[in-house]
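Taking it in order: structure first as structure tokens, then the write-up.
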Amino acid sequence: MSTPQNGNHSVMPLQEFVLDGFRGGPQTQALLFALFLALYVVAVLGNLTMMVVITLDARLHSPMYFFLKNLSFLDLCYSSVIAPKALATFLSSSKLITFTGCATQFFFFSLLVTTEGFLLAVMAYDRFVAICSPLRYPISMRPLVCARLILGTYCGGFFNSIVQTPLTFTLPFCSSNHIDHFHCDVPPLLKLACADTTTNELVMFAISGLIIMGTILVVLVSYGYITVTILRMRSGGGRHKLFSTCGSHMTALSLFYGTLFVMYAQPGAVESMEQGKVVSVFYTLVIPMLNPLIYSLRNKEVKDALWRLGQRHTAT
């Protein structure tokens, strides 16, 4: 918990911050640049591919792929909010980011990541309806309902972002403007505050905890019913296929919600900023890179769509 700072630190209106990033000399920074660039390029290519394939192939115009396309869009956007600036800081000696730029980065990052958390819960509910109530599925998940669900996820993300951003960036900051992170985030920013941040920490804990636990509950209940339905199936092949799909989905969900829980949903969870940076790499770059592989590119329908798209391109 941060407390008011005294001594040589003076409160001053900051015009810019310094993103300290990871410790290490030029060789370490070059290695980190190469790693971040590789992760980001794969994430961009994978998510763009999914968006293009789902848009162009009429056989993928179903609720499940509608949600998957939105997941790819979110992954593409929130990794792009973080990665380009992080890559620039690895090669820069100044590592500066303006106060407005920092607030803007945090606003969109918070908006997009929270929206993805809600979207993953919606996707779990979609699979629950499709597997457990297949006859009702076309009515329950008709286009208007899907559009409203997507709108609801963005509203949830916007609410979190519009609360957290002004609460954080109206704090008085000390003369030190060095953010011990590779992007603008709440925990390292609170360490720079020259005021009691108990309210900020409680709000972050309450909102993040409520969102994470609420969406996890939806996911667990949905996949619980799905598991029971699969176990009742007589077809061994069908059970194996669905268990394989659900298992990979649960792996992705565990990674996403687990890293967010460690960072935001328990007081003082990440005491070491170095540990926090490593955790942040997972949900800012690794997960956006893995999601297209886990949710889509292992899917036979998506592989067939990619093949048809390739054949169409070759024919022209």
Estimated FRET transfer efficiency (Val278, Gln311; beta-carbon r; R0 51 Å; 0.05): 0.75
Projected label distance in nm at Val228 and Thr198, using a 7 Å step from Cα toward the beta-carbon: 4.5
How far is it, in nm, from the label point at Arg148 to the one at Cys132 when both lie 7 Å from their Cα along the line to the Cβ? 2.0
Would you kindly state how much longer the chain becomes between Leu96 and Arg23 on full extension, computed as 0.36 nm times their sequence separation minus their alpha carbon distance, in nm to one decimal? 24.7 nm
Neighbours of Asp185 by Cβ distance under 12 Å: Lys/Arg at +1, Asp/Glu at -1, summed charge +1
log10 of Debye I(q)/I(0), alpha-carbon scatterers only, for region 65-213 at 0.09, 0.15, 0.21, 0.22 Å⁻¹: -0.37, -0.84, -1.30, -1.37
Straight-line reach from Lys69: which lysines fall under 20 Å, measuring Cα to Cα and dropping same-chain residues less than 8 apart? Lys300, Lys303
Using a 1.4 Å probe on the protein heavy atoms, what percent of the accessible area of the chain belongs to carbon and sulfur? 68
Whole-Å semi-axes of region 137-185's equivalent ellipsoid (Cα gyration tensor): 40, 12, 5
Taking all pairs of different Cα atoms in the chain, averaging 1/r and flipping that mean, what Kirkwood radius in angstroms comes out? 21.1
Could you check which residue among Arg232, Arg142, Arg59 shows the biggest mean-square fluctuation in a GNM of the chain with a 10 Å Cα cutoff? Arg232
Have a look at Ser222, Ser254, Ser208 and tell me which one the Gaussian network model of the chain (Cα, springs below 10 Å) gives the largest fluctuation. Ser254
For the pair Thr170/Ala206, report the inter-label distance in nm, with labels modelled 7 Å from Cα in the Cβ direction. 1.5
Alpha carbon convex hull of region 154-214, volume per residue in cubic angstrom: 84
Please name which of Leu91, Cys77, Val228 has its Cα lying farthest along the dipole of the chain towards the positive end, using unit charges on Cβ (Lys, Arg +1; Asp, Glu -1) and the Cα centre as origin. Val228
The set of residues whose placed amide H lies less than 5 Å from the amide H of His178, leaving out same-chain residues fewer than 5 positions away, is Val18
Given the options Gly214, Gly156, Gly117, which has the most mean-square fluctuation in a GNM of the chain, springs set between C-alpha atoms less than 10 angstrom apart? Gly214
Name the residues whose placed amide hydrogens come within less than 5 Å of the amide hydrogen of Thr98, ignoring near sequence neighbours (fewer than 5 apart) on the same chain. Phe17
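The values are calculated or read from the model by the stated rules, or taken from the named source; none is laboratory data. Just so you know, these numbers come straight off a predicted model, no measurement behind them. Positions of Cβ are backbone-derived with ideal geometry, glycine not excepted, and every protein chain shown enters the neighbour counts. Keep in mind that these areas ignore ligands, DNA and RNA; they rest on the heavy atoms of the full protein, side chains included. Shrake-Rupley method; radii C 1.70, N 1.55, O 1.52, S 1.80 Å.
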